1. Name the single residue that is farthest from residue 175 (Cα to Cα) among those in segment 70-86 being in contact (Cβ under 8 Å) with a residue 60 or more places away in the chain and touching a Ser or Thr at 6+ places or on another chain (Cβ under 8 Å).
2. Among (1) assigned to a helix (DSSP H, G or I); (2) surrounded by 16 or more Cβ atoms within 10 Å (Cβ to Cβ); (3) more than 18 Å from the chain's Cα centre (by Cα); (4) not basic (Lys, Arg), there is one condition residue 116 misses while meeting the rest; what is its number?
3. With respect to residue 224, determine if the residue is within 26 Å of residue 98 (Cα to Cα) and surrounded by fewer than 24 Cβ atoms within 10 Å (Cβ to Cβ).
4. Name the residues in segment 27-53 that are surrounded by 19 or more Cβ atoms within 10 Å (Cβ to Cβ) and either assigned to a strand (DSSP E or B) or at pLDDT below 95 (or both), would you?
5. Go through segment 441-462 and give me each residue that's in contact (Cβ under 8 Å) with a residue 60 or more places away in the chain, assigned to a strand (DSSP E or B) and at negative phi.
6. Among what's in segment 299-334 and is of a type in the set (A, V, I, L, M), farther than 19 Å from residue 30 by Cα and crowded, with 20+ Cβ neighbours inside 10 Å, pick the residue that is farthest from the chain's Cα centre (by Cα).
7. Going by the conditions given, is residue 131 over 24 Å from residue 39 (Cα atoms) and touching a residue at least 60 places away in the same chain (Cβ under 8 Å)?
Amino acid sequence: MKKYENLYINGEWVPAHGEKKIEVVNPANEEAFAVVTSASSEDVERAVAAAKEAFKTFSQTTLAERIELLERILKIYERRRQEFSDALTEELGAPKTLSEGAQTWLGIGHIQATIDALKSMTLEEKKGNSTIVREPAGVAALITPWNWPINQVFTKTASALAAGCTMILKPSQVTPIDSFLFTEILDEAGVPAGVFNLVTGDGVVIGRQLSLHPDVDVVSFTGSTRAGREISRDAAETIKVVHLELGGKSPNIILDDADLEKAVSTGVTICYSNAGQSCSVATRMLVPRSKLAEVNEIAKRTAEAFVVGDPTKDETTMGPLVNARQFKSVQGYIQTGIEEGGELLTGGVGRPEGLAKGFYTKPTIFTNVDPKSTIAQEEIFGPVLVIIPFDSEEEAIEIANDSIYGLAAVVQSADKDRAIKVASKIRSGHVYINHYTDDYVSVPFGGWKQSGTGYEHDEWGIRGFQLVKAVLGTAV
């Protein structure tokens, strides 16, 4: 059993003083493999105080100094990347192909995109006889989720460092191991004492203390919409800058001229990535009613080709859900879909055949789904796809926008101009045309409506940790 009993505060590994021991469970076998000691309230106070003190000097560093620091971090991460992949497979249940691919690649992508943005960034611009200055916003609390831990830890930390902020990272207690590895990298890279601090524990306790703390200036949170509301209320006490990347129920509009085989199979495959535990993937597939039967055949065939099982095996394409709580939630949604009259195309309740242990879920598809039904409106966060037929392009847009969420969307068509026109009518923070994702780390990522506020990635991520100051009379 691995034991993580220390926190990283003011440039040193120090004992955590919380009384709670948090077990980290391997979701593939339901066995605990590590124990993390939670931070105490006093630990959090020390971390915030260290960040506040370090801000006095780190905020004055040059862009060149920050670039050099990020380049050192990137170099060390590239050397240790396999350790992160192994940890992800063990704590999250991500198949090797995913943990060694997209999950850990995002660490490289985000740091490199941030470095490139800094190299072209200016912190001052002239406006008449005045100067507009971008300055670090202050001490930042970074509260990250369990489903894509490297993605969120790296993009938030890189942006905050690039902006000249100091920070306290509070990773998810469900998948904290990668954050400990990340902290080792920052320590080796020579991040100045107090600039980066790591505390662990329950979000409702540690996260809330950070959100309420008067010496924390920025809260950057990724997680559920419910938790985002609570953080917003807490942060309002001291009028903080708040970034929220929350839930989603993204639509995938397949227009009548799309290549159905490619559009549907790609849609199913991406929906099931990370066992469906991704906020921005499209889980509502909107298809022309006249093509529903053909769509059903392709979707069912694609879903049933997934190999669900041990994430350490090369042939596995879908691992387990992250824990018992998530398993119970997803199973409940599948049962609700059946009870509400959804047409079950494949999958269903229970574990896949031959998997008696582990939080494995059958890749599930409901078709001919009522767009007002529970499974079409609520975020399930598991390998569950709903197929919704439409009779016109206008109806497809209406169904797509009929959601409290607005994180992402997909529009697929053989006519790119037509797809772009439809995309312009979708109320979401980003839209993928024919599932194009190559620019993911270099474009703004953020949601509309109840999917959040603020943006991450590249220069937009850096700006989120900056404030604007107008200095008048500089050219008089």
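1. Once the filter is applied, the top-ranked residue is 70.
2. With respect to (1) assigned to a helix (DSSP H, G or I); (2) surrounded by 16 or more Cβ atoms within 10 Å (Cβ to Cβ); (3) more than 18 Å from the chain's Cα centre (by Cα); (4) not basic (Lys, Arg), residue 116 is out only on (2).
3. yes
4. Residues satisfying the conditions are 34, 36, 37.
5. Passing the criteria: 445, 453, 456.
6. Filtering segment 299-334 for residues that are of a type in the set (A, V, I, L, M), farther than 19 Å from residue 30 by Cα and crowded, with 20+ Cβ neighbours inside 10 Å, the one farthest from the chain's Cα centre (by Cα) comes out as 299.
7. Yes; evaluated as a whole, the condition is true for this residue.
The rows are residues; the columns are (1) surrounded by 24 or more Cβ atoms within 10 Å (Cβ to Cβ); (2) in a loop (DSSP other than H, G, I, E, B); (3) without any contact (Cβ under 8 Å) to a residue 60 or more places away in the chain.
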{"site": "175", "(1), (2), (3)": "yes, yes, no"}
{"site": "183", "(1), (2), (3)": "no, no, no"}
{"site": "186", "(1), (2), (3)": "no, no, no"}
{"site": "197", "(1), (2), (3)": "yes, no, no"}
{"site": "201", "(1), (2), (3)": "yes, yes, no"}
{"site": "210", "(1), (2), (3)": "yes, no, no"}
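The values are calculated or read from the model by the stated rules, or taken from the named source; none is laboratory data. As the structure is a computational prediction, the values presented were derived from the model and not from experiment. So basically every Cβ, Gly included, is an ideal-geometry build from the backbone, and we count neighbours across all protein chains shown.
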